[in-house]
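Visitor: Got a structure for you, written out below as C-alpha cells; questions coming shortly.
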Amino acid sequence: MNIIKDINKELKEIFDKAGYKIEDIELKPSQRKDLGDFQINDCMKLASVYHKSPIQIANDIKELLDKDNKFTNVNIAGPGFINITLSDNYIIESINSIVADTDKLIEPVSDKTVIVDYGGANVAKALHVGHLRSANIGEAIKRLAQKLGYKVVGDAHLGDYGRPLGFVETEIKRRYPDLPFFDENFDGNYDDIELPITNEDLEEIYPIASAKAKEDEDYLEEGRVITNKIQHHEKGYYDLWKRIVDISKADIKKCYDDLNVNFELWNGESDAVEYFDQLEEITKEKGVVRESEGAQVIDVAEETDKIDIPPLLYIKSNGSISYATTDLCTLVQRKEEINPDEVWYVVDHRQSLHFTQVFRAIEKLGLFKQDQLIHVGYGTMNGKDGKPYKTRDGGIMTLKALLDEVYESTLNRINNDKVTKEEAPEIAKKVSIAALKFADLLPSVETDYIFDIEKFTDIEGKTGPYVLYSTIRMKSLLKNAQGMENDEISYIDEELKDMYLSILDLPNVLEKAIKVKSLNDITDYLYLITSQFNTFYAKNKVLTEEDIQKRTTWLALTKVLLSISNTLLDILSIEVPEKM
Ligand code: ARG
C-alpha cells in the first residue's frame, strides 16, 4: 500500500476531469506546514500550455478537491500553489489497515533477477577497511532488493587469481623447500600433507612476499613462473594453491559472519577464468581484439566521451590475463549459469574506469547491454586527516583491528545497571557492529566519510546504538503492556499525525533507496521514526493512561513502529540485542 502514489494517481485523474492533461503529478511535502501537509506545484507548468493563469487552473482543481473527503483545508497560495491536507479519517483508516501487518506497506517494484557482486575479498590477504563498505552496502542493497521483489543472488567474487598467490607460494617455497608440494617426484596424496601454515601466517607472508618481489629480480621471476604453474593447474603448485584458498576462505567467511554478511555464491576469479576459452571464441568472432605494444587490447572509447577512455587491457604483454579480463570471463560465466537481467557491482568508486571499460567491452561482445550492468561505486572511510583510514603507525587497517577497536569502545559504554558482566561481551558485539554499520550506511553511498569512533558508538545522536536503544524501548513498552489492547488506531493529534505520515511514507523511502542504490534514506528514516517515538514516549505515560482509546492507539502505534524498525534493521543486516 502506497497512499502517496495512490493520491498522485487520483490527482492526475482530477486534473484530467478539470480539462488539464498532465503526465505525472507529484504531491510534495509542504514547505509551510501551517498552510497544509502537502502541496501541488503543477499549476504553473500547465499555465503556459493552456494559456491561463495558474490561479485560474488552481481554482478549477480546488473545486474538485473540495468534493473529495480524503482532503481538507484545500487552499491556494502565492501565484498558484495548491495546499492540501489529508483528512484525519483518511489517515486513520490508512494506518489502521497496516497495524496487523506492516509489510502491506511494501510493494514489489521488480521481479528481475540480479546478481549483486560484493565483498571482493582477496585470498591470503587480510580484509581491510575498504572491504567493510562493500560488505555492508552490498548486503543491505541485496536484502532491500529481495524485499522489493527482485530475485537476488549475492556473489563474494573472491580475488583468488593472479600473481599475488604466486608470490605467496614463492615465499612458502623459500621457507619450506622440502614440502612435497614442490617435489616433482611426489606421488602421494596432497590432501594428507600437513601444512605448517595458518591464516595468520598467510596474512604475514603476503606483504613480505610482494615487497620482496619489488626489490629482488630473481624473486619476481620465480613468482612469475610459479603463478604460471598455478594457472596451468600444474601438480603440486596447484594443489598448494587450493589449500591456501581453503585456509583463507574459512577465515574470510568468519569475518563476514561477524558482520552478518552472507553470500549465496562463493565464486572466485579463478572459477571465471575457466570460461576464458569461451570468451576467446566470442572475441575472435567479433574481431574486437588488437595488438598494442606487445599486449592485446579491446578499444572501448566512444565518440561522445568527454574524458579519455583507454582500451581495455585484454592480455598483458607477458601473456597473462588482466583483471579486466577476469571480469569479462565472470560475465560469460554468469550469462551461462544464471543469465541475470542485471549485475550490480558494489565496489570502491576508484574502480569506475575499470568498470566502464568492462561494461563497454562486454556490450561489444553482445553478451550484456551496458545498462544491465551497474557499478555502485562507494566512497572511502577516511581518518581525521581526510585520507583512507590507517593504523596509528600509518599501516593498512585490517578489518579485524577495526572491529576490535569499535568493540572496545562499545564495551566501555555499556550500561552496567542493565547488563551483567557475563552478558556484556555478547551485547557489546551486537551494538558495536550496529554502530559501525549504521555509520557506514549513513552518508550517501558515493561520499567519503570520516571514521569517528566516539560519535559512532554514542547512544545519543544519529547512530546505530541510538536506533537500537529506541527499538528495544518500544519492545519493552509492549511487553510491559501485555494484556492491554493494541490492535486499533482511532485517535489523532498533531504529533501522532506526523508519525502516521512518516509511517505511510515508508514505501517511498524504500523505492528511492533501491533506485539510487544507497541506504542513506533508510538510515535517515530510521532515525526519524525512532526520534519521533522517543519524543512522544518522553511526553506521555502510556501504561497509566486512563483514556483507553488513547492508550490503545499509542500501543498500536508502538507496535507498528517496532515492526518497521525491525524490518529496516534487518534490511541493513543489523541485529537487535535483547537489551543494552
Ligand atoms: N578483489 C577486488 C579488490 O579487492 C574487488 C573485486 C570487485 N569485483 C569485481 N567483479 N571486479 O579490489
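The values are calculated or read from the model by the stated rules, or taken from the named source; none is laboratory data. Just so we're clear, the structure is a prediction, and the values are computed from it rather than from any experiment. A quick note on method: Cβ atoms are made from the backbone with ideal geometry, for glycine too, and the neighbour counts reach across all protein chains shown. Areas reflect the complete protein model, heavy atoms only, side chains present, ligands, DNA and RNA absent. Shrake-Rupley method; radii C 1.70, N 1.55, O 1.52, S 1.80 Å.
Visitor: Look through region 161-170, keep the residues that are open to solvent by less than 10 Å² (accessible area, probe 1.4 Å) and of a type outside the set (A, V, I, L, M, F, W, C), and return whichever of them is farthest from the chain's Cα centre (by Cα).
Guide: If we take residues in region 161-170 being open to solvent by less than 10 Å² (accessible area, probe 1.4 Å) and of a type outside the set (A, V, I, L, M, F, W, C), then THR170 is farthest from the chain's Cα centre (by Cα).
Visitor: Mind listing whichever residues of region 402-419 are more than 9 Å from SER432 (Cβ to Cβ) and β-branched (Val, Ile, Thr)?
Guide: Within region 402-419, ILE414, VAL419 qualify.
Visitor: Is it the case that region 135-150 has a residue that's assigned to a loop (DSSP other than H, G, I, E, B) and open to solvent by 10 Å² or more (accessible area, probe 1.4 Å)?
Guide: Yes.
Visitor: Just name the residue that is nearest to the ligand (Cβ to nearest atom) out of those in region 136-179 that are among the hydroxyl-bearing types (Ser, Thr, Tyr) and modelled with pLDDT of 95 or more.
Guide: TYR150
Visitor: So which pairs qualify, if the first residue must be in region 521-548 and under 24 Å from GLU488 (Cβ atoms), the second must be of a type in the set (Lys, Arg), the Cβ gap must be under 7 Å, and the two must be at least 6 apart or on different chains?
Guide: TYR537/ARG473; VAL542/ARG551; GLU545/ARG551
Visitor: Can you tell me which residue among LYS421, LYS387 is surrounded by fewer than 19 Cβ atoms within 10 Å (Cβ to Cβ), away from the ligand (no atom under 16 Å from the Cβ), free of Cβ contacts under 8 Å to residues at least 24 places away in the same chain and more than 30 Å from SER476 (Cα to Cα)?
Guide: So the residue among LYS421, LYS387 that is surrounded by fewer than 19 Cβ atoms within 10 Å (Cβ to Cβ), away from the ligand (no atom under 16 Å from the Cβ), free of Cβ contacts under 8 Å to residues at least 24 places away in the same chain and more than 30 Å from SER476 (Cα to Cα) is LYS387.
Visitor: Continuing with the same structure: Only residues that are without any contact (Cβ under 8 Å) to a residue 24 or more places away in the chain and assigned to a loop (DSSP other than H, G, I, E, B): list them for region 28-50, please.
Guide: Answer for region 28-50, where residues must be without any contact (Cβ under 8 Å) to a residue 24 or more places away in the chain and assigned to a loop (DSSP other than H, G, I, E, B): GLN31, LYS33, ASP34.
Visitor: Can ASN122 be described as open to solvent by 10 Å² or more (accessible area, probe 1.4 Å) and either touching a Leu at 6+ places or on another chain (Cβ under 9 Å) or under 29 Å from TRP241 (Cβ atoms) (or both)?
Guide: In short, yes.
Visitor: Same structure again: I need the full set of residues from region 87-116 which are small (Gly, Ala, Ser) and surrounded by fewer than 20 Cβ atoms within 10 Å (Cβ to Cβ), in order please.
Guide: Hits for region 87-116 are SER87, SER97, ALA100, SER110.
Visitor: Can I ask one more? Considering only region 433-455, state which residues are within 15 Å of MET397 (Cβ to Cβ), open to solvent by 20 Å² or more (accessible area, probe 1.4 Å) and either of a type in the set (Gly, Ala, Ser) or touching a helix residue (DSSP H, G or I) at 6+ places or on another chain (Cβ under 7 Å) (or both).
Guide: ILE453
Visitor: Going through region 523-578 one residue at a time, which ones are surrounded by fewer than 14 Cβ atoms within 10 Å (Cβ to Cβ) and over 25 Å from LYS147 (Cα atoms)?
Guide: THR535, ALA538, LYS539, LYS541, LEU543, THR544, GLU546, ASP547, ILE548, GLN549
Visitor: Picking from ASP218, ASP271, which residue would you name as being over 38 Å from the mean Cα position of the chain (by Cα) and farther than 30 Å from SER432 by Cβ?
Guide: Going through ASP218, ASP271 in turn, the sole match is ASP218.
Visitor: Hey, another quick one. Consider region 93-135. How many of its residues are closer than 30 Å to MET1 by Cα and either within 9 Å of the ligand (Cβ to nearest atom) or not hydroxyl-bearing (Ser, Thr, Tyr) (or both)?
Guide: Qualifying residue count for the region: 19.
Visitor: Pairs, please: C-beta under 8 Å, at least 6 apart or cross-chain, first residue among the charged types (D, E, K, R) and in region 314-332, second outside any helix (DSSP H, G or I) and away from the ligand (no atom under 13 Å from the Cβ)?
Guide: Going by the 8 Å Cβ cut-off, the qualifying pairs are LYS316/ALA295.
Visitor: Let me ask you something else. Only one of ILE4, ILE61, ILE55, ILE84 is outside any loop (DSSP other than H, G, I, E, B), surrounded by 12 or more Cβ atoms within 10 Å (Cβ to Cβ) and touching a residue at least 60 places away in the same chain (Cβ under 8 Å). Can you tell me which?
Guide: ILE4
Visitor: Take the residues in region 64-77 that are in a loop (DSSP other than H, G, I, E, B) and open to solvent by 60 Å² or more (accessible area, probe 1.4 Å), then tell me which one is farthest from MET499 (Cα to Cα).
Guide: Looking at residues that are in a loop (DSSP other than H, G, I, E, B) and open to solvent by 60 Å² or more (accessible area, probe 1.4 Å), I get LYS67.
Visitor: Okay, moving on. Would you check if VAL376 is within 24 Å of ALA121 (Cβ to Cβ), open to solvent by less than 20 Å² (accessible area, probe 1.4 Å) and within 16 Å of the ligand (Cβ to nearest atom)?
Guide: So VAL376 passes the test.
Visitor: What's the number of the condition THR530 fails, among (1) under 19 Å from ARG473 (Cα atoms); (2) more than 23 Å from the chain's Cα centre (by Cα); (3) β-branched (Val, Ile, Thr)?
Guide: The single condition THR530 does not satisfy is (2).
Visitor: So, one more: Quick check on region 112-131. Is at least one of its residues among the aliphatic types (A, V, I, L, M) and on the phi > 0 side of the Ramachandran plot?
Guide: So far as region 112-131 goes, yes, one or more of its residues are among the aliphatic types (A, V, I, L, M) and on the phi > 0 side of the Ramachandran plot.
Visitor: With the requirement that a residue be touching a residue at least 24 places away in the same chain (Cβ under 8 Å) and part of a helix (DSSP H, G or I), what does region 192-222 give you?
Guide: ASN199, LEU202, GLU203, ILE205, TYR206, ILE208, ALA209, SER210, LYS212, ALA213, TYR219, GLU222 - these are the residues of region 192-222 that are touching a residue at least 24 places away in the same chain (Cβ under 8 Å) and part of a helix (DSSP H, G or I).
Visitor: How many residues are more than 17 Å from LEU328 (Cβ to Cβ), in contact with a Gly (Cβ under 7 Å, 6 or more places away or on another chain) and not acidic (Asp, Glu) when one looks only at region 339-351?
Guide: 2
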